[in-house]
Amino acid sequence: MLILTKSVLASLIGFMLAILFAIILIPFLKKRANQRLSVYLEERHKSKSHTPTMGGLIFILSTIISLIILYLTNKIELTYNFIIVILTFLSYAFIGFLDDYLIIKRNNNKGLTEVQKIVLQIIVAIIFFYLFLKADNEPLLWIHSLNLKLDIGWFYGLFILFVLVASSNAVNITDGLDGLAGGLSVIAISTFGIIMYATGWLDGYEDIAIFCFLLVGGILGFLVFNVNPAKIFMGDTGSLSLGATLGTLAILSRHELLLILIGIVFVIETLTCLIQRYYYKLTKKRLFPMTPIHHTFEKLGWKEQDIVKLFWIIGLIGSMLSIIYGVWL
């Protein structure tokens with residue numbers, strides 16, 4: 001019961017602070033940070049062109065302030081693994097913030113180039129790998145169902161790099177409909193919060209779990225203003241930090257492969273983009289009407305709210321199966 005109480009309290013603190021920051025930040029960002037939308041989007045999205053972005057600051061600030069409060073009141077400890085999570089969370093948030101800032105400053109849809117973004121993400125991933133190994137973590141790939149621990153040596157560094165970069169960009173790609181990426185992130189991070197409580201062998205596991213639920217509360221507070229019709233978008237500031245955090249939690253809990261199921265919608269969204277890109281290069285034809293796949297559903301006449309609900313349900317089913325596997329089995 002104590003674990004449940006801590007989780008609920010953490011989410012409540014994160015939620016209340018996020019609401020407070022949203023009330024303060026939305027009017028400020030509305031004057032300075034209007035979203036620049038792609039010219040390829042459907043007409044129904046044109047009305048969103050003056051919606052402020054950088055909304056990820058709402059749950060980022062609420063989470064960090066909450067952590068400071070809990071630390072100063074001796075409710076959490078800053079263990080080494082916990083610091084790795086926070087540094088990764090903030091580092092990818094900074095990359096996203098830089099991209100959003102350049103888009104706003106240039107008054108177009110061009111922030112960091114694709115190469116610049118990837119290079120910065122790789123640099124952070126390399127630092128993560130260095131810190132990860134310095135904590136005496138072995139380069140093992142765990143296959144829990146078979147009780148296997150595979151020592152893959154230096155290749156594990158490349159694997160970590162792939163997990164962090166892929167997960168951060170997957171959430172970024174999914175962030176195209178009101179509430180979609182935020183709702184899926186609540187589901188996925190809640191799942192890792194539950195899984196973290198079952199990783200008693202990991203130093204600082206309880207504090208990392210509390211961080212998960214603080215962040216969940218912050219995202220829920222953000223979603224109050226982000227569900228259709230959105231009053232603010234999370235921008236790359238939010239999506240890159242959430243994706244990288246999911247990757248970090250998967251790596252530290254040694255459930256990297258389970259991340260595929262927990263983030264099944266993120267995976268599908270990313271795969272459809274990759275398939276579309278290479279299919280078009282080979283055939284000069286489009287396999288899907290539009291990618292990411294949520295835009296294909298729009299082309300088919302689905303309402304935005306219905307697409308979001310469907311994807312949330314798929315994400316929830318994937319996460320429930322992951323909890324059964326990651327905690328119980």
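All of the numbers you see were taken from the coordinates with simple rules; none came from a lab. Note that the structure is a prediction, hence the values are computed from the model and not measured. Virtual Cβ from ideal backbone geometry, glycine too; neighbours counted across all protein chains shown.
Scan Gly153, Gly217, Gly176 and give me the residue that is over 14 Å from Gly56 (Cβ atoms) and without any contact (Cβ under 8 Å) to a residue 60 or more places away in the chain.
Details: Gly217 fails: without any contact (Cβ under 8 Å) to a residue 60 or more places away in the chain; Gly176 fails: without any contact (Cβ under 8 Å) to a residue 60 or more places away in the chain.
Gly153 is the lone residue from the list that is over 14 Å from Gly56 (Cβ atoms) and without any contact (Cβ under 8 Å) to a residue 60 or more places away in the chain.
Somewhere in the range 178-196, is a residue more than 15 Å from Glu269 (Cα to Cα), over 17 Å from the mean Cα position of the chain (by Cα) and surrounded by fewer than 24 Cβ atoms within 10 Å (Cβ to Cβ)? Taking every residue of the range 178-196 in turn, none turns out to be more than 15 Å from Glu269 (Cα to Cα), over 17 Å from the mean Cα position of the chain (by Cα) and surrounded by fewer than 24 Cβ atoms within 10 Å (Cβ to Cβ). Note on the range 278-297: among residues that are in contact with a helix residue (DSSP H, G or I) (Cβ under 7 Å, 6 or more places away or on another chain) and either in a helix (DSSP H, G or I) or among the aliphatic types (A, V, I, L, M) (or both), the one that is farthest from Val171 (Cα to Cα) is Leu287.
Trp312: of a type in the set (Phe, Trp, Tyr), under 15 Å from the mean Cα position of the chain (by Cα) and more than 30 Å from Trp201 (Cβ to Cβ), yes or no?
Numbers: of a type in the set (Phe, Trp, Tyr): yes; under 15 Å from the mean Cα position of the chain (by Cα): yes; more than 30 Å from Trp201 (Cβ to Cβ): yes.
For Trp312, the condition - of a type in the set (Phe, Trp, Tyr), under 15 Å from the mean Cα position of the chain (by Cα) and more than 30 Å from Trp201 (Cβ to Cβ) - is met.
Please enumerate the residues belonging to the range 127-176 that are in contact with a Phe, Trp or Tyr (Cβ under 8 Å, 6 or more places away or on another chain), among the hydrophobic types (A, V, I, L, M, F, W, C) and part of a loop (DSSP other than H, G, I, E, B). Ala135, Ile152, listed by residue number. Look at the range 280-291: where a residue is without any contact (Cβ under 8 Å) to a residue 40 or more places away in the chain and surrounded by 10 or more Cβ atoms within 10 Å (Cβ to Cβ) and a partner is part of a loop (DSSP other than H, G, I, E, B) and of a type in the set (Lys, Arg), sitting 6+ places away or on another chain with Cβ atoms under 8 Å, you get Tyr280/Arg286. Total residues in the range 76-115 satisfying the condition of being surrounded by 14 or more Cβ atoms within 10 Å (Cβ to Cβ) and assigned to a loop (DSSP other than H, G, I, E, B): the figure is 4.
Of everything in the range 259-274 that's crowded, with 24+ Cβ neighbours inside 10 Å and among the aliphatic types (A, V, I, L, M), which residue is farthest from Leu316 (Cα to Cα)? Give the steps one after another, and end with the answer.
Taking the range 259-274 as the starting set, the residues that turn out to be crowded, with 24+ Cβ neighbours inside 10 Å are 259, 262-263, 265-266, 269.
In the following step, the residues that additionally are among the aliphatic types (A, V, I, L, M) were identified as 259, 262, 265.
Numbers: Leu259: 13, Ile262: 8, Val265: 10 Å.
Out of the qualifying residues, it is Leu259.
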